[in-house]
Structure formats: structure tokens, C-alpha cells
1. May I ask which residue of 142, 126, 15 lies farthest towards the positive end of the charge dipole of the chain, with charges of +1 (Lys, Arg) and -1 (Asp, Glu) on Cβ and the Cα centre as origin?
2. Using only alpha carbons, build the gyration tensor for segment 122-252 and give me the equivalent ellipsoid semi-axes, biggest first, whole Å.
3. As an exercise, use a Förster radius of 41 Å and the Cβ-Cβ distance of residue 209 and residue 14 to find the FRET efficiency, rounded to the nearest 0.05.
4. When the chain is treated as a GNM, springs tying every alpha-carbon pair under 10 Å, which of 186, 125, 41 comes out with the largest mean-square fluctuation?
5. So which residue, out of 217, 42, 143, gets the largest mean-square fluctuation from a GNM of the chain using Cα contacts under 10 Å as springs?
6. Can you check what the Kirkwood hydrodynamic radius comes to for segment 1-117, Cα pairs only, in Å to one decimal?
7. Using +1 at the C-beta of Lys and Arg and -1 at the C-beta of Asp and Glu, which of 29, 103, 81 has the Cα lying farthest in the positive direction of the dipole of segment 1-122?
8. How high is the relative contact order of the chain, in percent, counting Cα pairs under 8 Å that sit 6 or more residues apart?
Amino acid sequence: MRFDILTLFPDMFSSPFRESILGKAIEKGLIQIRTINIRDFALNKHQVVDDTPYGGGQGMVMKVEPIARAIEVVKSQDPSAWTIYLTPQGKQFNQEIALTFSSKSHLILLCGRYEGIDERARELFIDEEISIGDYVLTGGELAAMVLIDAVSRLLPGVLGSDRSAEEDSFLNSLLEYPQYTRPFDFRGSSVPDVLLSGNHSAISLWRRREALKRTLARRPDLLAKARLSNEEQRLLEAILQESRVDKSGDGV
Ligand code: 4HQ
């Protein structure tokens, strides 16, 4: 899979993608990440890429021509490339969108700075607008990195093992169960006994209960749209029943 990043700050991308899993994926040729400096496509003498907004107001707007030329160069090499603009005004990124993008062969990611890009660049060259969340960044670069990271780890061979079943678990909308490793006792806080029991069905049952409890407590919105198995449904009923008993104060 290829990612072409259009940015005014290509250096921001060097170390995050050299490290660890993505670095290995690049070495193995599973993903290819290119940065393209939008400034190289400014034809004016001083390579100006921004200008003041029509109508006045604060800040600067990224000019349409350098963006247009940069995208057109990439698109002329591969007309099938899908062009994404990172913006808080876009559709909110999630695991399902990551999965959809992972089946594309070539993404172009446009990173805006300042007050964003000229509206005509969006209308004429952008296939889809994506937001990584409701907060304001200084530019689209970090958002592009988040997207590339989440998409790349879904590609075959990028993670060591086949994790597809686990990805399903998030798409099925449950949070993960708690994890522990050595030591058994840390400052008086110990690991739940069941995890040392060697009883695999008891461990699996405990984990499913904990995942349900955690999702209920922290992300009831996820639980509402979760597709639970019959057994998970029963476990959830039992958890809800327990919490009703706790609240009623019986036996206290
Ligand atoms: N920005 N999700 C403003 C973001 C952002 C986000 C990128 C800041 C675009 C012009 N991008 N520039 N949140 O905050 O994607």
C-alpha cells in the first residue's frame, strides 16, 4: 500500500515512520510512505504557499495552485489514488474507516496548516475529509500519522501474528479486558487468582465479564451498538443485576 503525504513540513514524518513496526513494514516493502513538499509546487519566486483570506479576518489560507499541482502530479502517476484532507470538519475516523482504507492501494493525504486550504482545493481535488477527533491541531500532519498508523497495522504481514480476530472485537464494540504481567504482587496489589489457575475456560469467562463490565462503565455508547453473543448477553444481564443489587443497598 502507498501513502503520499502532501505537507509543508515533510521532516515531521521521518522518525515516527522509521521506528518499530512501521519501520519494519517499510523495510519489508509492505507499505511505502512518500512525503511531498507542497512548497516545491509554488511557482512564484519566493515559493509562497499561503495568502490572506478574501473578506478579511485573521490568519492565512493555503493557496489552491500549489496544492492542485502537487495532487495532479501524484494523480497522473496513479489515477486510482484516493485523496483525503485531514480536517476537524471531516467524518470522524474510527476502526471501521481504517478497515475500509486498508483495502485501498494508494492514499494521498493532504495536510493543511494555518486556517486551512482554499475551498476550491477541497471541491476540485478532495475525495473525502477525515477528522481524527474534536480538538484543534496546529496542522494535519499528526492526524495523517494517526491515520497511516491505524491503517498500516491492518495490512497483512505488518503485525507479527494474524490479529484479525482481535480487530473484530473492537469492531464488535467491546473494550479490552485488563492485562497483567509479572510481578504477581506490586506494592500489595496482586494479580486476580483466576489468571494463575491454568483453567482456560474460567480465564476466558473472567475476561469476557471484565470486558463487558469495563465497556458498560466507560463506554455505554459502544455497548448499545455491540453485537453480543447469547452468552455475552447473559453475562451482561448478570452484571446489570449485580449493580442493581449493589445500588439497592441489600445486605449492606
Ligand atoms: N487540523 N483532525 C487545522 C485538525 C485536524 C483534526 C488539521 C487543524 C487541519 C487546518 N485534522 N488544520 N482534528 O485539527 O484532522
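No lab work stands behind these numbers, since they all come straight from the coordinates. Because the structure is a prediction, the values reported are computed rather than measured. Don't worry about glycine lacking a Cβ; one is built from the backbone with ideal geometry, like all the others, and counts go over all protein chains shown.
1. 15
2. On the way: eigenvalues 256, 91, 56 Å².
In descending order the semi-axes read 36, 21, 17 Å.
3. Working: r = 44 Å, r/R0 = 1.08.
My answer for the efficiency is 0.40.
4. Among 186, 125, 41, the largest GNM mean-square fluctuation belongs to 186.
5. Result: 217 has the largest fluctuation of those listed.
6. On the way: mean 1/r = 0.0636 Å⁻¹.
Computed over Cα pairs of segment 1-117, the Kirkwood hydrodynamic radius comes out at 15.7 Å.
7. Toward the positive end, the furthest listed residue is 29.
8. Working: 323 pairs, mean separation 45.0, N = 252.
Answer for the chain is 18 percent.
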